[in-house]
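Only the coordinates and a few stated rules stand behind these numbers; no lab work does. Since the model is a prediction, treat every value here as computed from it, not as a measurement. Methodologically, a virtual Cβ is constructed for each residue, glycine included, from the backbone with ideal geometry; neighbour enumeration extends over all protein chains shown.
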Amino acid sequence: MPRKIAAAVIIFIILTSLTINASGIAEMIEVHRGNIRVVIGNRQVELEEQPFIYNDRVYVPLRFISTALDRDVEWNPVIRAVVISNPDLKLPLTECRPDEGETFVYGEITDIDYKDYTITIHQHFDDNSTPADNPLPVSRDVVIILQRDAEKNIHFYQLKSGSTGGFILDSGGRVRGIII
């Protein structure tokens with residue numbers, strides 16, 4: 001009998017601790033569904049997932065709406081960020097200005113710190129290369145161009161380890177431009 005009581009107490013403690021830990025992660029909410037129409041342009045569209053109302057706001061699937069508006073949407077699970085891109089946006093990137101103390105380095109991205117806005121690269125050297133110290137701080141308004149995708153601009157959160165390219169460092173050593 002004492003063993004059964006001890007086992008019951010242990011199970012109770014484990015279940016209580018799981019409930020406490022889960023309370024910070026999940027939350028039960030009440031939503032209202034039904035008969036919510038979505039109109040894009042002059043056309044009513046059908047959704048795979050039903051929209052719902054919560055706290056007097058309508059929630060619709062982000063990927064569906066972004067795609068319907070010709071926007072790319074990407075999920076970065078590392079930093080839990082949704083990035084919606086405008087494929088038509090072409091941010092200009094001025095060439096490297098060595099006369100102003102800027103340098104251009106080539107390399108492969110080996111690590112990205114999305115929180116601190118830094119990248120680590122394995123540099124590729126040639127006759128014109130200048131060594132750069134890792135990690136490289138990245139400007140918050142960095143212009144990143146994907147050459148392989150019709151020179152499309154992307155956001156810092158969309159960078160991937162393993163990408164190879166050129167990096168323009170300003171006179172302070174901060175990355176102001178990336179060409180992948």
Show me, for region 79-86, the HN-Hα J-couplings you get by feeding each phi into the Karplus relation (A = 6.51, B = -1.76, C = 1.60, θ = phi - 60°), rounded to Hz, glycine and proline as x. 10, 6, 10, 9, 10, 9, 9, 9
Of Thr94, Asn128, Ile65, farthest towards positive along the dipole that unit charges on Lys, Arg, Asp, Glu beta carbons give the chain: Ile65
Relative contact order [Cα under 8 Å, 6+ residues apart], the chain, whole percent: 16
Return one number: the angle in degrees, 0 to 90 and rounded to the nearest 10, between the long axis of the Cα atoms of helix 2-23 and the longest principal axis of the Cα atoms of the chain. 50
So who's got an amide H within less than 5 Å of the one on Ala81, skipping anything under 5 residues away but keeping other chains? H placed 1.01 Å off N, in plane. Asn76
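Would you kindly state the longest site-free stretch of the chain, with sites defined as GluC sites (Glu not before Pro) in a DSSP loop (not H, G, I, E, B) surrounded by at most 10 other Cβ atoms within 10 Å? Display every interim value, and only then the final one.
Numbers: sites that count: Glu27, Glu30, Glu46, Glu48, Glu49, Glu95.
Counting at most 10 other Cβ atoms within 10 Å as exposed, the longest clean stretch of the chain is 96-180.
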Using each residue's phi in region 44-49, evaluate 6.51 cos²θ - 1.76 cosθ + 1.60 at θ = phi - 60° and report the 3J(HN,Hα) Karplus result to the nearest Hz, with x for Gly and Pro. 7, 10, 9, 9, 6, 9
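Please compute the Kirkwood hydrodynamic radius over region 32-85, one decimal place, Å, based on all pairs of different Cα atoms. Could you put the intermediate results ahead of the total?
On the way: mean 1/r = 0.0798 Å⁻¹.
Radius from the Kirkwood sum: 12.5 Å.
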Other residues with Cβ under 11 Å from the Cβ of Asp141 give, with Lys and Arg +1 and Asp and Glu -1, a net charge of +3
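Run the dipole for the chain about the Cα centre, Lys and Arg Cβ at +1, Asp and Glu Cβ at -1, nothing else charged, and hand back the magnitude in debye, nearest 20. Walk me through the intermediate numbers first.
Working: 18 positive and 25 negative charges, 232 e Å.
My answer is approximately 1120 debye.
What range in the chain is the longest one free of trypsin sites (Lys or Arg not before Pro) that are in a loop by DSSP and have at most 13 other Cβ atoms within 10 angstrom? Spell out each step's value before the answer.
Working: sites that count: Arg37, Arg80, Lys90, Lys115, Lys160.
The answer is 116-159.
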Where labels lie 7 Å past Cα in the beta-carbon direction, separation of Val73 and Arg174 in nm: 3.2
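Among Leu169, Leu69, Leu159, rank each residue by its count of other Cβ atoms within 10 Å, from fewest to most, as a rough exposure measure.
Sorted ascending by nearby Cβ count, the order is Leu69, Leu159, Leu169.
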Of the beta bridges DSSP finds with both residues in the chain, what % are antiparallel, to the nearest 5? 90
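Which loop-located chymotrypsin sites (Phe, Trp or Tyr not before Pro) does region 121-180 contain, where loop means any DSSP state but H, G, I, E or B and the Cβ has at most 12 other Cβ atoms within 10 Å?
Working: sites: Phe125, Phe156, Tyr157, Phe167; in loops: Phe125.
Loop-located and lightly packed - Phe125.
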Cβ-Cβ cut-off under 11 Å around Ser66, Lys and Arg +1, Asp and Glu -1: the net charge is -1
In terms of modelled amide H atoms, which long-range or inter-chain residues lie less than 5 Å from the amide H of Leu136? Ile119, Thr120, Ile121
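Report, in deg cm²/dmol and to the nearest 500, the calculated mean residue ellipticity at 222 nm for the chain, where each DSSP H run with n ≥ 4 adds -39500 (n - 2.57) and the sum is divided by the residue count.
Numbers: 2 runs with 29 residues, N = 180.
Mean residue ellipticity, 222 nm, calculated: -5000 deg cm²/dmol.
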Multiplying the sequence separation of His155 and Thr110 by 0.36 nm and subtracting their Cα-Cα distance, what value in nm do you get? 14.4 nm
Sticking with the crude label model, points 7 Å out along Cα→Cβ, report the distance from Asp127 to Phe52 in nm, one decimal please. 6.5
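Can you give the net charge of the other residues whose Cβ lies under 15 Å from the Cβ of Arg174, counting K and R as +1 and D and E as -1? Intermediate results must be reported in sequence, preceding the final value.
Working: positive: Arg97, Arg140, Arg176; negative: Glu100, Glu102, Asp113, Asp116, Asp133, Asp141, Asp170.
Residues near Arg174 contribute -4 overall.
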Taking θ as phi - 60°, what are the ³J(HN,Hα) couplings along region 63-69 by the Karplus curve (6.51, -1.76, 1.60), each to the nearest whole Hz, with x for Gly and Pro? 4, 4, 5, 4, 5, 5, 9
